[in-house]
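Comments concern the structure below.
The values are calculated or read from the model by the stated rules, or taken from the named source; none is laboratory data. Not measured: the values here are computed from a predicted model. Heads up, the Cβs are rebuilt from the backbone with ideal geometry, glycines too, and the neighbour counts pull from every protein chain shown. Surface accessibility is based on the protein's heavy atoms, side chains included, excluding ligands, DNA and RNA. Shrake-Rupley method; radii C 1.70, N 1.55, O 1.52, S 1.80 Å.
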Amino acid sequence: MWSDIFQLIPQNLKQKALDTLVDVVSDQAKKYVGEGVSGKVKKLRSDAAFHEAFEAGLSRAIQRFIEEYQVEDEDLVLAISKERDFFQNKEIQTALIAMLKQPGASLIEEREEILQTFSTVLPERINRKRVDRAVSYLLKCLAQELWHLPELMPIYSLQFHRIAAEAAREQVNLQKAQLQTLTSLNVGIRDALLTLTDAIVEQKLLSAGGTTDSPSYPKVLHNLPQPDFEEFIGREKEQTQIHELLQPYPHSRHYLIVIDGIGGIGKSALALEIAHQYLRNYNNLPPEGRFEAIIWISAKSNLLTADGIVSRRQIMRSLDDIYTAIAIALQREDITRARQEEQNEIVRQALTQQRTLLVIDNFETIDDENVLSFLRELPDPTKAIVTTRHRIDIAYPIRLVGMPLEEGIELIAHECSRKSVSLTEEEERLLYRRTGGVPLALVWSIAQMGFGHTTETVLNRLGQPSSDIALFCFKTAAEYIRGTNAHLLLLALSIFSSSASREVLGYMTQLPEIDRDEGLVILEKLSLINKLGHRFQMLPLTLTYANSELAAQSELEASFRERWIDFLLQYITDQRLTGYQLLEKYQLEAPNIADVIDWCWQAGRLNHLITFIDEFDGFLWRSGDWNVLIQYYELGLQAATLLEDEIQQAKFLRMQANIRDFQGDLVKAEQLLADCLNIAKQYEDEYEIVQAVFRLTSIQTKQNKFDLARSNAYEALEIAQRLDYIPHIIRMKARLGMIDIKDNNLDSAKKHFQEALELRVKMKKYHPPESNVDAWLFSWIFRWLGWLELKEENFQLADEYIQQALETAYLAQSPQDVAETKRHLAQLQLATGLLEMAQQTASEAIELFTKLGMKQQLQETLIIVEVVQNKLN
């Protein structure tokens, strides 16, 4: 019964209830603390842990209602559980949302009775008070359990519950401790809720005329600089990870964390935010999780501002400088007064006196090797964060890359608000893509716009290697590797807009394997490239910078391009010979193959372009990118026309017609095939003629021109038999079967399909047994044999054929055949009474048909869903 009621709650009502809870709390945050904390609270909407807790709260509420109200009225509890549209009722939804919006008014003492009227709920019931009482109790359970979620309970109990002001101080410690246990909750959200809890209890005490503790921070020894940002945005995942690593032993054994990445990626800002969080939240943290001292040591020599790159005056470059900073922060004059040989031991002793967080910013500019030794031997319980453009091996690494799209857009919106800059949604996304989500580049770009530069001008500057942003991010690292194998690899990688394997980079640079791998390690340590599995990638800004350097070396670029083409040609040939069975592996190179096709067109390498499209079309067909595939076919047709290669023209005309046929554009498909057949007949290309007629007869069948289609199919079959080319014979026999199905000659159709299937064994002479090149053909045959058995109500045999069709469609990696087979399977499930399975299978087919643009098949499948829903209702 519990699951019956729980499953009645629609997803849209769940989302509306969750949003209502979050809105109430975020409004309180805005009232008591401000926009910044309110914005962080709103992120509860997308927090996975909160969603899980919300679902658990709903479940508890339903269970509680059943257990408590069965004693009162078992009959009505049962009636509600069987009312499928119970939570679809507008009165129910309105009442629940109203209770959640006003917890202080609705969630009164449990002994009091809340009674509302619900005239449209269970209208057949005569005793309306019984119904109203049961429904009210259920809604009360839901509202109370949701407001008692661990994330919301502190706010609810302090702000909305009847709690005396003098009891608030005692209760707040309990509520904050409860919040601290929510380790799966996003750390930024948890901190925001803790801050709001403090603000509410302080206001409650002041309203009662009591006294509050001073809002000033406790005596934490620190030298933290003020952040140069109003609000820290994003990096939620990294914040959570760093907080976990900074927990005391035994929760974390790591004592040294390195945040690395290219210049401008936000390393310093993240480290400073983490440090300030420990300072701000000192009272909210458990004693063992606090830092009594937080020491900031910056070795940063340059800063990038809207006016350009400026130098910093105070720079830490040696171990002595670090000891001095520690002495000042810890107020330990004995460190600076001690003899040099004694300083190390005094510093170690000073650090052991309290839990200390040491932050060293811009570590790559420190040229004293003794600093590394110092970090390796940090005394317990000290923890350290190091930010650097160069990865170091002694620490737990946190590699920063570009911000995710959602966080990047949030930062853009925030900076635009600060600088009074207005960008369209398209301009925001373009800025994100051009910067690759590098925070400093985003902030710098918007600052430039704030000075009056146009969006177009700023975006163009981002692509200039001499721009301030490029020099700040890359100049030092680029100079460090210039003339080395690492530099050669960086330039080779700049050709790839996506990622590249170490194999292709080695082939292009002709470096020995050991030199190649060493160079890639250096580039990764310098944060110039990022390693993704076994592949390597650059951020857009790095790519632009390196590509401009390569463009200045025309001979080297030409050499790289030739080897790039050679490697990818061999790669796609190898994949074709395996029948595209490694679709995921092929997909890794798909963006690079698309790039090489575009480059071949621009460079006039038309023969290569046609070869790449020939090989690439199998992948695009299987991946379902048919609209992209049509564009490539049109490009191939243009290339073949320029080369005056009419045989290739015929092929590209036919390939376009295939897709147009599947998408229901029969007129266009027929025009393309007419042109194809004219060329094929002129050159007496019988292989091309059979393939074109195979598609033409499909169109004629859909146009109900059965006699014409049958006549053409038999003519093509004769040609295929004369050529003794089994794949074409199978195709034409199967086509005759389809014509007979549409013409309602079902016995003849079954005969043609079975004859086609019997020829399957002879296919081995054309393709190896493990190949899936023509698997789609047999999926098609199995599918329609299953349909024929379904028509005769031979359900078991129909299921066997359709399951074989589905298995073969997956082997062929053909989304069209998977979708078609799922449609047939849904029909079988509907016929055998498996209604819920039929609904699920049809929905999966609909998703694929929508992606592929197969409109007629989509409409036919929607009819199946409608029939299923009518039967379920």
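Here are the numbers:
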| read-out | value |
| --- | --- |
| The one condition in (1) under 27 Å from Lys531 (Cβ atoms); (2) in contact with a strand residue (DSSP E or B) (Cβ under 7 Å, 6 or more places away or on another chain) that Glu407 fails to fulfil | (2) |
| Residue under evaluation Val443, criteria (1) more than 23 Å from Lys237 (Cβ to Cβ); (2) among the β-branched types (Val, Ile, Thr); (3) outside any loop (DSSP other than H, G, I, E, B); (4) open to solvent by 10 Å² or more (accessible area, probe 1.4 Å), criterion not met | (1) |
| Condition broken by Gly452, with the remaining ones in (1) open to solvent by 10 Å² or more (accessible area, probe 1.4 Å); (2) outside any loop (DSSP other than H, G, I, E, B) satisfied | (2) |
| Residue in the range 861-873 that is most open to solvent (accessible area, probe 1.4 Å), counting only those that are modelled with pLDDT of 90 or more and not hydrophobic (A, V, I, L, M, F, W, C) | Glu866 |
| Number of the condition not met by Gly437 [criteria: (1) surrounded by fewer than 20 Cβ atoms within 10 Å (Cβ to Cβ); (2) in contact with a Gly (Cβ under 8 Å, 6 or more places away or on another chain); (3) on the phi > 0 side of the Ramachandran plot; (4) not aromatic (Phe, Trp, Tyr)] | (1) |
| Residue tally, condition acidic (Asp, Glu), buried (at least 16 other Cβ atoms within 10 Å of the Cβ) and assigned to a helix (DSSP H, G or I), over the range 711-754 | 1 |
| Of all residues in the range 815-850 being surrounded by 22 or more Cβ atoms within 10 Å (Cβ to Cβ) and among the hydroxyl-bearing types (Ser, Thr, Tyr), the one that is nearest to the chain's Cα centre (by Cα) | Thr841 |
| Which numbered condition Asp574 misses (of (1) in a strand (DSSP E or B); (2) among the charged types (D, E, K, R); (3) at pLDDT below 80) | (1) |
| Residue among Leu708, Leu653 that is at pLDDT 95 or above, under 30 Å from Leu858 (Cα atoms) and surrounded by 22 or more Cβ atoms within 10 Å (Cβ to Cβ) | Leu653 |
| Breaking point among (1) more than 32 Å from the chain's Cα centre (by Cα); (2) part of a strand (DSSP E or B), for Glu555 | (2) |
| Those residues of the range 396-411 which are in contact (Cβ under 8 Å) with a residue 40 or more places away in the chain and in a helix (DSSP H, G or I), in sequence order | Glu407, Gly408, Glu410, Leu411 |
| Answer residue from the range 119-134, given it is assigned to a loop (DSSP other than H, G, I, E, B) and among the hydrophobic types (A, V, I, L, M, F, W, C) and is surrounded by the fewest Cβ atoms within 10 Å (Cβ to Cβ) among those | Ile126 |
| Residue satisfying all of: in the range 512-535; in a loop (DSSP other than H, G, I, E, B) and touching a helix residue (DSSP H, G or I) at 6+ places or on another chain (Cβ under 6 Å); farthest from Val401 (Cα to Cα) among these | Leu526 |
| Residue within the range 457-475 that is out of contact with any helix residue (DSSP H, G or I) (no Cβ under 6 Å at 6 or more places or on another chain), surrounded by fewer than 17 Cβ atoms within 10 Å (Cβ to Cβ) and part of a loop (DSSP other than H, G, I, E, B) present | yes |
| Failed item in (1) touching a helix residue (DSSP H, G or I) at 6+ places or on another chain (Cβ under 9 Å); (2) in contact (Cβ under 8 Å) with a residue 60 or more places away in the chain; (3) more than 30 Å from Glu426 (Cα to Cα); (4) open to solvent by 10 Å² or more (accessible area, probe 1.4 Å), with Val386 passing the rest | (4) |
| Of residues in the range 7-42 being of a type in the set (Val, Ile, Thr) and open to solvent by less than 30 Å² (accessible area, probe 1.4 Å), the one nearest to the chain's Cα centre (by Cα) | Val41 |
| Candidates Ala650, Ala669, filtered to the one that is under 25 Å from Thr701 (Cβ atoms), part of a helix (DSSP H, G or I) and in contact (Cβ under 8 Å) with a residue 40 or more places away in the chain | Ala650 |
| Tally of residues being open to solvent by 50 Å² or more (accessible area, probe 1.4 Å) and not hydroxyl-bearing (Ser, Thr, Tyr) across the range 534-556 | 7 |
| For Trp621: the one exception among (1) more than 30 Å from Gln859 (Cα to Cα); (2) touching a Pro at 6+ places or on another chain (Cβ under 9 Å) | (1) |
| Hits in the range 637-691 - residues which are in contact with an Asp or Glu (Cβ under 8 Å, 6 or more places away or on another chain), of a type in the set (Gly, Ala, Ser) and farther than 24 Å from Lys855 by Cβ | Ala640, Ala650, Ala680 |
| Unmet requirement for Gln239, which otherwise passes all of (1) touching a helix residue (DSSP H, G or I) at 6+ places or on another chain (Cβ under 6 Å); (2) part of a loop (DSSP other than H, G, I, E, B); (3) closer than 25 Å to Arg418 by Cα | (2) |
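Condition check ((1) assigned to a strand (DSSP E or B); (2) farther than 24 Å from Leu193 by Cα; (3) in contact (Cβ under 8 Å) with a residue 12 or more places away in the chain; (4) open to solvent by 10 Å² or more (accessible area, probe 1.4 Å)) across all residues:
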| residue | (1), (2), (3), (4) |
| --- | --- |
| Ile257 | yes, yes, yes, no |
| Leu272 | no, no, yes, yes |
| Ala275 | no, no, yes, no |
| Tyr278 | no, no, yes, yes |
| Ile294 | yes, no, yes, no |
| Ile297 | yes, yes, yes, no |
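Matching residues to (1) of a type outside the set (Asp, Glu); (2) crowded, with 20+ Cβ neighbours inside 10 Å; (3) touching a Leu at 6+ places or on another chain (Cβ under 6 Å); (4) modelled with pLDDT of 85 or more:
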| site | (1), (2), (3), (4) |
| --- | --- |
| Val310 | yes, no, yes, no |
| Gln314 | yes, no, no, no |
| Ile322 | yes, yes, no, yes |
| Leu330 | yes, yes, yes, yes |
| Glu333 | no, no, no, no |
| Ala338 | yes, no, no, no |
| Glu345 | no, no, no, yes |
| Arg348 | yes, no, no, yes |
